[in-house]
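Data block below; observations after.
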Amino acid sequence: METVIMFEVPASRVEGASEFYRKAFGWRIERWNGSDGVVAFRGDENWPPVQGSEASGEMYRRESGDDPTLVIVHVPSLAGTIDELKKAGAKVVSEKVPYGDWGWYTRVQDNEGHIYGLWEQKEAGAAS
């Protein structure tokens, strides 16, 4: 079964939003990769998030007023999952892109207009 492993939260004021989530849920939030305006919600020590780990997430500076909060689902194969999602009425809204040495990512839109991310973990030793 595919599982939610990560989420993304756009924010106009990243520091203020980070403080809210610290207080509201007790989440551990830290700057990620030295980026300005990007913080990570660390569910556990697994980074990048992997199937079976607690969901992690990131917050980044909002680029436009309609940036959605995203749920990201771990799938065994982007190609296979996208084929099935298209049959169910989904549309691909961004191309598959490599994400460092960790895996590949894309975004899809469901039949209700919700956009969410799909993540395929790169196996050790796999080529990009």
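Sub-8 Å Cβ pairs linking a first residue in region 8-23 that is within 17 Å of SER56 (Cα to Cα) to a second residue that is loosely packed, with under 12 Cβ neighbours inside 10 Å and not aromatic (Phe, Trp, Tyr), at least 6 apart or interchain, are PRO10/GLU63, ordered by first then second residue. For region 54-64, filtered to residues that are in contact with a Gly (Cβ under 7 Å, 6 or more places away or on another chain) and within 10 Å of PRO10 (Cβ to Cβ), the residue that is surrounded by the fewest Cβ atoms within 10 Å (Cβ to Cβ) is ARG61. Within region 78-121, if we keep just the residues that are basic (Lys, Arg) and under 15 Å from the mean Cα position of the chain (by Cα), the residue that is surrounded by the most Cβ atoms within 10 Å (Cβ to Cβ) turns out to be ARG107. Name the residues in region 61-89 that are among the hydroxyl-bearing types (Ser, Thr, Tyr), in contact (Cβ under 8 Å) with a residue 60 or more places away in the chain and outside any helix (DSSP H, G or I), would you? THR69, the sole residue that qualifies. Condition test on ASP67, is it of a type outside the set (Gly, Ala, Ser) and surrounded by 12 or more Cβ atoms within 10 Å (Cβ to Cβ)? So ASP67 passes the test. Taking the condition buried (at least 18 other Cβ atoms within 10 Å of the Cβ) and either over 23 Å from ILE29 (Cα atoms) or assigned by TED's automatic domain parsing to the domain that holds SER18 (or both), does VAL75 pass? It is true that VAL75 is buried (at least 18 other Cβ atoms within 10 Å of the Cβ) and either over 23 Å from ILE29 (Cα atoms) or assigned by TED's automatic domain parsing to the domain that holds SER18 (or both).
When the residues of region 3-52 are filtered to those that are more than 25 Å from LEU118 (Cβ to Cβ) and at pLDDT below 65, the one that is surrounded by the fewest Cβ atoms within 10 Å (Cβ to Cβ) is GLY34. Here GLU95 clears all of (1) part of a strand (DSSP E or B); (2) at pLDDT 90 or above except the condition numbered (1).
The values are calculated or read from the model by the stated rules, or taken from the named source; none is laboratory data. Note that the coordinates shown come from a computational prediction; the quantities given were computed from them, not determined experimentally. No Cβ is skipped: glycine too gets one built from the backbone with ideal geometry, and neighbour counts run over all protein chains shown.
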